[in-house]
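Structure first, then comments.
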């Protein structure tokens with residue numbers, strides 16, 4: 001078999017769904033992990049600068065971000081980068097494995113490498129990928145839901161600032177328009193001041209730190225959504241391929 005003929009057969013039987021899902025997975029995880037890490041750092045800086053001067057008020061946030069290994073410094077949040085890098089590396093590797101599995105279950109691979117994939121070992125390998133992908137999809141669905149929370153908080157704050165900037169569009173007094181970090185669970189109820197109101201809040205919304213952090217959280221949310229879509233695509237493709245191997249004993253060009 002010549003090189004050109006081999007490449008032609010691979011292209012004919014290429015798992016296009018897996019190819020698209022792999023691209024989405026790489027893009028989504030990179031966006032979520034990179035932007036999410038920077039957004040968390042920006043949030044800590046905003047809290048420390050405007051909402052509380054007492055480190056103990058937001059100490060637990062750093063402990064959560066750093067998986068309980070943080071110290072009483074702003075730079076401790078960078079310990080979280082190891083979790084971020086680990087997550088990104090895992091999904092990059094797993095996406096590549098799922099793509100390889102997609103090629104493995106195509107008719108093109110059967111023509112080149114024979115019927116090994118229809119054996120018990122081949123079916124067991126496909127079933128393993130199906131199970132792991134199902135679990136990862138459920139876990140990432142929770143991650144996707146959690147990534148929407150900071151976007152909602154920042155959007156609510158931004159909307160409040162728009163009302164302050166345009167007082168004619170609201171009947172409330174500017175001084176009563178506030179953002180209270182305590183009501184979202186970001187700070188404890190005894191934190192002081194814990195909230196910022198009126199023109200002070202508007203000045204915060206105009207800072208580059210707020211704008212950048214807001215957009216980073218949006219980007220992280222988009223990345224989480226893209227990763228979820230990729231996992232759902234992988235799950236459907238892997239389930240379909242396994243069903244074909246299990247029930248019909250032959251592959252499919254999926």
**OP:** Kindly indicate which of 41, 22, 49 is more than 18 Å from residue 144 (Cβ to Cβ), at pLDDT 90 or above and either in a helix (DSSP H, G or I) or over 13 Å from the mean Cα position of the chain (by Cα) (or both).
**Re:** 22
Original post:
Among the candidates 80, 27, which residue alone is at pLDDT 60 or above, under 30 Å from residue 97 (Cα atoms), touching a helix residue (DSSP H, G or I) at 6+ places or on another chain (Cβ under 6 Å) and assigned to a helix (DSSP H, G or I)?
Top reply: 27
Original post:
Taking only pairs six or more apart or across chains, which ones have beta-carbon atoms under 7 Å, a first residue in the range 189-200 that is more than 12 Å from residue 51 (Cβ to Cβ), and a second residue that is in a loop (DSSP other than H, G, I, E, B)?
Top reply: 189/182; 198/177
Original post:
Scanning for something within 26 Å of residue 208 (Cα to Cα), assigned to a strand (DSSP E or B), at pLDDT below 95 and touching a helix residue (DSSP H, G or I) at 6+ places or on another chain (Cβ under 6 Å), does the range 165-179 turn up at least one residue?
Top reply: yes
Subject >> Residues within the range 201-228 that are part of a helix (DSSP H, G or I) and free of Cβ contacts under 8 Å to residues at least 12 places away in the same chain, tallied >> reply: 4
Original post:
Can you tell which of 75, 13, 70 is under 30 Å from residue 210 (Cβ atoms), modelled with pLDDT under 75 and surrounded by 18 or more Cβ atoms within 10 Å (Cβ to Cβ)?
Top reply: 70
Original post:
Can you name the number of the only condition in (1) modelled with pLDDT under 80; (2) farther than 20 Å from residue 148 by Cβ that residue 61 fails?
Top reply: (2)
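The values are calculated or read from the model by the stated rules, or taken from the named source; none is laboratory data. As the structure is a prediction and not an experimental result, all values here were calculated from the model. Methodologically, a virtual Cβ is constructed for each residue, glycine included, from the backbone with ideal geometry; neighbour enumeration extends over all protein chains shown.
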